[in-house]
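Inspection log for the structure reproduced underneath, given as structure tokens.
The values are calculated or read from the model by the stated rules, or taken from the named source; none is laboratory data. All values derive from a computational prediction rather than experimental measurement. Heads up, the Cβs are rebuilt from the backbone with ideal geometry, glycines too, and the neighbour counts pull from every protein chain shown.
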């Protein structure tokens, strides 16, 4: 998701000082993930759950780039249309998009119509195809060791960037990816389960099983 910071801002800065909140269903959640329903569903079923496949990771990377400067709620509500126009975020299909395709997407009110971000999505699809190994392997090698970071108690304990996200962003840019700064990279890591930033008292905390990874490359 766009980092938890984005969602906290949507609901008011006072939420950033809170720990988990109790929803009307009796469950404790990260403060951004309680309401509206779009956030609750995303928080409970997706955010922080490991994504292992290249297509799923490419989708998350693309949506994080589109979210930059916007509310994550906007992206969630447009996600179905994003998936349609970007052919399910199949990197092979998106890599074949032409300038005519870019112009067509910029006429579609169902997505975020930003030429630089649309063009970057096409560029990033081509970068995925140019990798010498799977996209998942490239990303997951930057997942920090379990226990490397402390468990957040309030939203103020959740960082915007880390050494791992900075290293990941640098590597992706080296490989030709665009719209992948350290903050976007960390939001991607949060969204795809490379880190578990659910608060200590959130009911989802600890439900995220960690898939394959190797030691982060911080050089």
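Quickly run through segment 40-66 and pick out the residues that are touching a helix residue (DSSP H, G or I) at 6+ places or on another chain (Cβ under 6 Å), closer than 22 Å to residue 142 by Cα and part of a helix (DSSP H, G or I).
Matches in segment 40-66: 54, 55, 57, 58, 59, 60, 61, 62, 63, 64, 65.
Kindly check whether there is at least one residue in segment 132-139 that is out of contact with any helix residue (DSSP H, G or I) (no Cβ under 8 Å at 6 or more places or on another chain), surrounded by 21 or more Cβ atoms within 10 Å (Cβ to Cβ) and at pLDDT 95 or above. It would help to see each step written out before you state the result.
Taking segment 132-139 as the starting set, the residues that turn out to be out of contact with any helix residue (DSSP H, G or I) (no Cβ under 8 Å at 6 or more places or on another chain) are 132-133, 137.
From the residues that got through so far, the ones that are surrounded by 21 or more Cβ atoms within 10 Å (Cβ to Cβ) too are none.
Looking through segment 132-139, none of the residues is out of contact with any helix residue (DSSP H, G or I) (no Cβ under 8 Å at 6 or more places or on another chain), surrounded by 21 or more Cβ atoms within 10 Å (Cβ to Cβ) and at pLDDT 95 or above.
Any residue at all in segment 113-130 that's out of contact with any helix residue (DSSP H, G or I) (no Cβ under 6 Å at 6 or more places or on another chain), under 23 Å from residue 81 (Cβ atoms) and in a loop (DSSP other than H, G, I, E, B)?
Yes: one or more hits.
Scan segment 146-169 residue by residue and report those that are surrounded by fewer than 18 Cβ atoms within 10 Å (Cβ to Cβ) and either part of a helix (DSSP H, G or I) or in contact with a strand residue (DSSP E or B) (Cβ under 8 Å, 6 or more places away or on another chain) (or both).
Answer for segment 146-169, where residues must be surrounded by fewer than 18 Cβ atoms within 10 Å (Cβ to Cβ) and either part of a helix (DSSP H, G or I) or in contact with a strand residue (DSSP E or B) (Cβ under 8 Å, 6 or more places away or on another chain) (or both): 156, 157, 163, 166.
Looking at 107, 53, 24, 38, which one is modelled with pLDDT of 95 or more, more than 15 Å from the chain's Cα centre (by Cα), under 18 Å from residue 190 (Cα atoms) and surrounded by fewer than 16 Cβ atoms within 10 Å (Cβ to Cβ)? Can you show your working first?
Numbers: 107 fails: under 18 Å from residue 190 (Cα atoms); 53 fails: more than 15 Å from the chain's Cα centre (by Cα); 24 fails: under 18 Å from residue 190 (Cα atoms).
Answer to the selection: 38.
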